[in-house]
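Input: a single structure, listed below in C-alpha cells.
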Amino acid sequence: MHDFNYLRPKSLADAVAAFKNAGDGRYLAGGQTMIPVMKQRLASPSDVIDLSQVPELKGIAVNGGIVAIGAMTSHAEVAASKDVQAAIPALADLASGIGDPHVRNRGTIGGSIANNDPAADYPAAVVGLNATVVTDRRRIAAADFFTGMFGTALEEGELVTRVEFPTPEAAAYEKFLHPASRFALVGVFVARTKSGVRAAVTGAGPCVFRETVLEQALTRTFAANAVKNIDIDASNLNSDIHGSAEYRAHLVGVLAARAVAKAR
Amino acid sequence: MLKPHIGDSVLRHEDARFLTGRGTYVDDITLPNQAFAAVLRSPHAHARINGIDASAALAISGVLLVVTGEDWLKQGFGPIPTKSAVNKKRDGSPLNEPPRHCLAIGKARHVGEAVALVVAESHAAALNALDAIDVDYEALPAVTDARKALEPGALLVWDDIPGNFCLDFELGDKAATEASLKASDHVVELDVVNNRVTAVPIEPRGAIASYDAKTDCYTLYNATQNVHANRDTFAEKVLHVPKEKIHHIAPDVGGGFGVKNGVYPEPALLMYASRKLGRPVKWINTRSESFVSDSHGRNQMSKVRLGINKDGKFQALYTETIGDLGAFCWTVGPFTPTGGSARTQGGPYAFKAMYYCSKAAFTNTMPMDPYRGAGRPEASFQIERIVECAARKLGFDPVELRRKNLIPPTSLPLKTAMGLDVDCGDFPQVFERTLALSDRAGYAKRVEESRRKGWLRGFAIAPYMECTGGGPKEFAGVRFQKDGSVELAVGSQSTGMGHETSMPQILAARLGIDFESIKYRQGDTEATPLGGGHGGSRNLELGGNAVHQAASEVIEKGRKLAAHQFDTDEAKVQFEDGHFFVPGTNQTMTMREAIEASFDPSKLPEGMAPGGLDANTTYERGVISIPNGCHAAEVEVGPETGVVRMVGYWVVDDFGTIINPLLCDGQVMGGTAQGIGQALLEVAHYDPESGQMVTGSLTDYALPRADTMPPMTIEYYEGAPTKKNPLGVKGAGEAGCCGAPPAVVNAVLDALKDYGVTHIDMPLTPEKVWRAIRAAR
Ligand SMILES: Cc1cc2nc3c(=O)[nH]c(=O)nc-3n(C[C@H](O)[C@H](O)[C@H](O)COP(=O)(O)OP(=O)(O)OC[C@H]3O[C@@H](n4cnc5c(N)ncnc54)[C@H](O)[C@@H]3O)c2cc1C
C-alpha cells in the first residue's frame, strides 16, 4: 500500500468537497474491495475519504411502496432489517448470501454497486427491481447505471447516497456459488412487478443484464416450468475454468426456474 | 495435575495459545534494527533475462540492497541439490539435475521464480524497489504439460537436458506382470490423473536472518518443517559455512503439509543479505506469491491396467506414470512419481504380480515436492479407480469385488510385489467395520429421500494401505529441573498437529509424572543435536518412539537410584504406574520423589551426578510401518447443475496404537478435507499458452471449507499394533489423503451410474459433472 491522506468527513457536503480538493481522491465505504486493491497496489489514491461518519448515507426507510437504503448500509443490516424482510424479502435474502459474516458486516450497498463487480449480487437486485440510484447530484435509473465491466454511470466524484427499490408483487434471487470466491458464478433475480416481469442476470456476463428471453417466457406464465429448459444465448457470456459460457447459459435457466418457484 | 495415559484424548496444550492469538509465528518476531526484504519474481513462464537494471531501485530512499542472480553467482554460492532417494535412471546413470540457484541465472523458467532480492528500511520501500527494478526479459514459449514436454521435438526447459527428461524408474517384475495380464480373463485399462494441487497453509512462508559478526554466526527464524536438514543444505551446499554457524529455529508454524519441508531460496538470500548489511533481514511471502513459489504436488498422469479373472480375482497390476516435476528437481521432487508412488501400488489387495514404471519431466511450472502423502495418495487413487472401473465394466458389485480381493490376515506378514513389508493388520475386518458403520441397510431409503428432493445419491467404499516415510532417526532429550519442571526436546516438528500435547503425553504416561510440568521444545537446531522434522507421517513413529526410549532410559536410571535408596539390589526394583517398588515389601518411591532425590548428592548412587536421571537418546527406525484403513462416502449430486454435496462419511483406520484419539481424529479430518478438496475443488491450473497460473489466488483456487465437509464418523482398529516399533504406532498424518479422493470420486460416479457415466477427472467440478451427465443422456 502506498501512502495516502486519510479524511473522515462528517457530512455529505464535506465528503464531496473533500473529493474536489483531493488530487486523486477515492471514497472508502466498507473497504472490502478497496483495501485489498490498495494493498496489491493496483490503486493508490492520494486521498482516502472515509464515508463512515456521513449521516446522510445511513438508514433504511420504507415509504409509499419504496424501500430506500442508504449507501453506507451494510449487507448484514439489510439482511437483518425487518422492514426489508417484510417489503422485499428477496432483497434481504440476497444480502444474507453475500460473502461471509466479516464481509457482510463491513461491505455496503453503495460500495457494491459503485464497484459493479461482474459477479456481485446487488446489481442483479438493482436491475431486477428497476431501482433508482440516488447520488449527491441526480437520480439514475437502474437501466442506465451499470455500463459495463466494473463500469457505472457515476461521474468523477459523484457519490451514491441511497438506492430506492420499488416493492414488487413477488421476487426472488438465486445464486450459484463460484467454488472459490463464492461470488455469483451466475445469479438470477426475478421480479413480478406492476409494470411487468423483470429478470436480471449477474455473474454470467461482463456486466449485469436483463435477459429478455426469460422475461418474455415469464410474462406468458410466471412459473418455473416456463423457463426451466429455456435456451439462453451463450455468445456474450463469460468463459473460464469455473464455468464455460455454455454452462453459465444453462445455469441461467435453472436458477431462473428456482427463483420463480420461491418468489414471494 | 494431569496424569494422562496412552490412549487418552488429552486436550491440545497449544490451543489456548493459538486460539487467543498468542502464538509466535515468524511474522510475530521483530529483531532490533531489522530491515525488510521482498522478492522480485518472474512474471513469465519462460524468459531470457538479458539484463537487470536496479539503479532506479537503489536510488529510492531507504533501499539498502538489491541482489541479482549474477551478484549471487559472484559470491560463489552453490546450487541447492535435490535429495531425492531415487536419484538414478533405470540404466543406472544419475538423474538429470539442473542447477537450482537461489536466483534465476540467465533465464527464468516458471512464473514466480525468484529473480532478485531487495532489502530496504521498510516493507513499503522494498515494494517500491521491486516496482523500480527494470528487467529486460525476452519472453520465450513455455511447456506446462509433462506429457507434451516428453514428446519428441518439445521445446526445452533446460537447453542441456534433452527431451526435458529427468529420470525413469521401475519396480516389480515386468515379465511376470505382462505374462499374468495375458493369462487373465479380462484386462481393464484406465487413464488416471492425479491433479496438481498446492497446500495453501494458513501461514505463508517467511523468515528472519540475523548475522552476528562477533561470532560469525547466523540465526535463522524460518517457517519450515525441517530445521536440521535444511540448515545442513544452506550451510554446506549453498553458503559454504560450517553448519554449526547457523542456528536454525522454526517458531510456531501455521501449517505445512509438505510445502514447508523443502529447501527454499529465500532464507539463504536473507542470510547473505543480513551478513552484507550487518543487520537482521525479514521477509514474509504474500498469499499471491505463495501460489507460484510454494511447491506443488501430485500431477501424475497414469495408465493403469488390471488383470482380473472371471471369478473376480485380481491377477496383475501394471501402472505407467508420467510425473511432472516443474522446472527443477526441487528438494525431493523426483522421488514422488517414482519410489513414492511405486511402493504402495495395489493397495490392500492380493496380486500375483505387479509392475510400476514412470518417467519424470521438467516443465515451465512451479516445481513439485511432497504434498501430504507424496505418492501414496496417487497410488491409492489409481488402484481404487481401476477397481471401480473393473466392477462397473464386468458387472461385479463394487463392494463384493473389493471384499473378494483384500489380503486376508492369514497371509500376513507378507512382502508385496512392490517389496513393501506388510507385517500386521486385518484389512477385511477394517473393511467390514466401515461398511457396518455406513449403515448399508438404510441406504435404499436414503437414496429414495434424495431422489424425492431431486438429488442423485451415490456410495463408495475405498480401503487403502500406505506406508510411513521421512528421516529414519529421531532424537529425544529429557532434562529434569530442580523446580520440578521437565524439559522434553524432540527433533520431529509440529506445524499444528499437536506434538506439544502428544509427546509430553507419552512421557507423562510412561513416567507417571504431571503432564503440565513438561515443557516441550522442538524445531530448533540447538534444542536437539539431530532432528528429522516433519514429513511422511513420521512423528509418532520416530519422535514418539524416541520419547518412549528416553522414558525407558530415565526409568532405568531411576531404578538404580531407587535401589540405592531402598538399599537393595537393582534387579529387585520394579517400576509401574509412576512408582519404583520392591515387590513383597513396603518400599516404594514415586518418580517425582526419585527426580527430587536425583538433585540431592547425598541420595545418589555411585557414579550418578546430580540431575542424573536426564536422558538423551536417538531412536532409529528399522522398517517403515503400514498405516491402513477404509473410507466410505455418500454424496448427493444435483443433476441439473452437476453440483456435488458430501452427505455421509465413515472411516475406520488402523494406525496401530492410538496415543491420543482426539489428535488422531484431527489428522484424519484434515487429511480427508484435503482429499475432498483434491477430488472436488482444487487444481493448480496453468494456462497452456501463456504458462500463467490461472488459479493463482484464493478467488480462483477453490479450497474446501467447513461447509464442504460431511458429518464424519471416525473409528480405529487397534487389534494390530505393529511390532516394528516399541509404541506399536503406524503413522496417521497422511492417511486421510489416501482414502478420500477415491471414496469421493467413486461415490459421485456411483450416483451417476444410471446415466452410464464411468469416468470424470478430478476435480469433479459442477460443470464437468453436468457435462458428463449431458454427454451420457
Ligand atoms: C471475501 C470477500 C467475499 C465477497 N463476496 C461477495 C459476494 O459473494 N457477493 C458480492 O456481491 N460481493 C462480495 N464481496 C464484495 C463486498 O460485498 C463489497 O460489497 C464490495 O467489496 C464493495 O463494498 P464496500 O462497501 O466494501 O466498498 P469499498 O471497497 O469501500 O469501495 C468499493 C468502490 O466503491 C467506491 N464507493 C464506495 N462507496 C461509494 C459511494 N457511496 N459512492 C460512490 N462510490 C463509492 C469506492 O471508492 C471504491 O472504488 C466480497 C468481498 C470479499 C472481500
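Listing for the model above:
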quantity	calculated
Dipole magnitude of the stretch A:55-166, debye to nearest 20 (Cβ charges: Lys/Arg +1, Asp/Glu -1, about Cα centre)	220 debye
Amide H contacts under 5 Å for B:D185, placed H, 5+ residues apart	B:I308, B:N309, B:K310
³J(HN,Hα) computed for each position of the stretch A:47-52 - Karplus, 6.51 cos²θ - 1.76 cosθ + 1.60, integer Hz, glycine/proline x	10, 9, 9, 6, 8, 5
Dipole magnitude (debye, nearest 20) for the stretch A:5-50, charges at Cβ of Lys, Arg, Asp, Glu	100 debye
J(HN,Hα) series, the stretch A:113-119, from Karplus relation 6.51 cos²θ - 1.76 cosθ + 1.60, nearest Hz, glycine and proline x	6, 5, 6, 6, 4, x, 10
Nearest-0.05 FRET efficiency for B:K393 and A:T219, computed from C-beta distance (R0 60 Å)	0.75
With Cα atoms, 0 to 90° folded angle of helix A:245-262 axis to chain A main axis	80 degrees
Structure-based [θ]222 nm, chain B - -39500 (n - 2.57) summed over DSSP H runs of at least 4, per residue, nearest 500	-7500 deg cm²/dmol
For the stretch A:15-79 and the stretch B:415-462, distance of Cα centres in Å	53 Å
Cα gyration tensor shape for the stretch A:5-50, rounded if a/c is under 1.5, else prolate or oblate	oblate
Cα shape, the stretch A:1-130, gyration tensor, a/c 1.5 rule	prolate
Links that overshoot a 31 Å alpha carbon limit, given the list B:K243/B:K282; B:K560/B:K724; A:K20/B:K282; B:K473/B:K557; A:K82/A:K194	A:K20/B:K282
Drop in accessible area of at least 20 Å² in the complex versus isolated chain, residues of the stretch A:223-262, 1.4 Å probe	A:K228, A:I241, A:H242, A:S244, A:E246, A:Y247, A:H250, A:V254, A:R258
Residue-averaged [θ]222 nm for chain A, counting only DSSP H segments that reach four residues, each worth -39500 (n - 2.57)	-9000 deg cm²/dmol
DSSP beta bridge pairing in the protein assembly as shown, given as percent antiparallel to the nearest 5	80 percent
Protein heavy-atom accessible area occluded, B/A pair - total, 1.4 Å probe, Å²	1800 Å²
Selected from B:M608, B:V430, B:G307, residue furthest toward positive end of dipole (chain B; charges at beta carbon)	B:G307
Positive-pole candidate from B:W455, B:S494, B:F475, dipole of the stretch B:428-521, charges at beta carbon	B:W455
Test item: A:175-182 mean partner chain Cβ contacts at 10 Å	5
Exposure ranking of B:K404, B:K276, B:K482 by accessible area [1.4 Å probe, largest first]	B:K482, B:K276, B:K404
Size of electric dipole in chain B: Cβ of Lys, Arg +1 and of Asp, Glu -1, about Cα centre, debye, nearest 20	1340 debye
Amide hydrogen neighbours beyond the local backbone of A:T193, cut-off 5 Å, H modeled	A:E169, A:R198
Among the listed pairs B:K572/B:K603; B:K214/B:K260; B:K83/B:K260, those beyond 22 Å (Cα-Cα)	B:K214/B:K260
Reach of A:K228 by Cα under 23 Å, taken over lysines that are not fewer than 8 positions away in the same chain	A:K175, A:K262, B:K453, B:K768
Cα shape, chain B, gyration tensor, a/c 1.5 rule	oblate
Sequence of B:L277, B:L220 when ordered by accessible area, the most exposed leading, probe 1.4 angstrom	B:L277, B:L220
The protein assembly as shown, Rg to Rh (Cα coordinates; Rh as Kirkwood inverse mean 1/r)	1.00
Extreme residue, positive dipole direction of the stretch A:1-113, given options A:I35, A:S11, A:L57 (C-beta unit charges)	A:I35
Largest-first ordering by accessible area, 1.4 Å probe, given options B:T20, B:T233	B:T20, B:T233
Full-extension gain in nm, B:L19 to B:Q75, via 0.36 nm per residue minus C-alpha separation	15.8 nm
Share, in percent, of DSSP beta bridges within chain B that are antiparallel, nearest 5	80 percent
Hz values of 3J(HN,Hα) by residue in the stretch A:55-67 - Karplus curve (6.51, -1.76, 1.60), Gly and Pro given as x	x, 5, 9, 9, x, 10, 10, 10, 8, x, x, 10, 9
Set of aspartates and glutamates with alpha-carbon distance to B:K74 below 18 Å, sequence-local pairs under 8 removed	B:D53, B:E236, B:E266
Solvent accessible area, Å² - B:E556, 1.4 Å probe, full protein context	80 Å²
Aspartates and glutamates with Cα under 17 Å of B:K482, excluding same-chain neighbours fewer than 8 positions away	B:D514, B:E516, B:E593, B:E596, B:D600, B:D614
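The values are calculated or read from the model by the stated rules, or taken from the named source; none is laboratory data. Just so it is clear, the model here is predicted, and its values are computed rather than measured. When we count neighbours, we look across all protein chains shown, and the Cβ atoms used for this are built from the backbone with ideal geometry, even at glycine. Note: areas computed on protein heavy atoms with side chains; ligands, DNA, RNA excluded. Shrake-Rupley method; radii C 1.70, N 1.55, O 1.52, S 1.80 Å.
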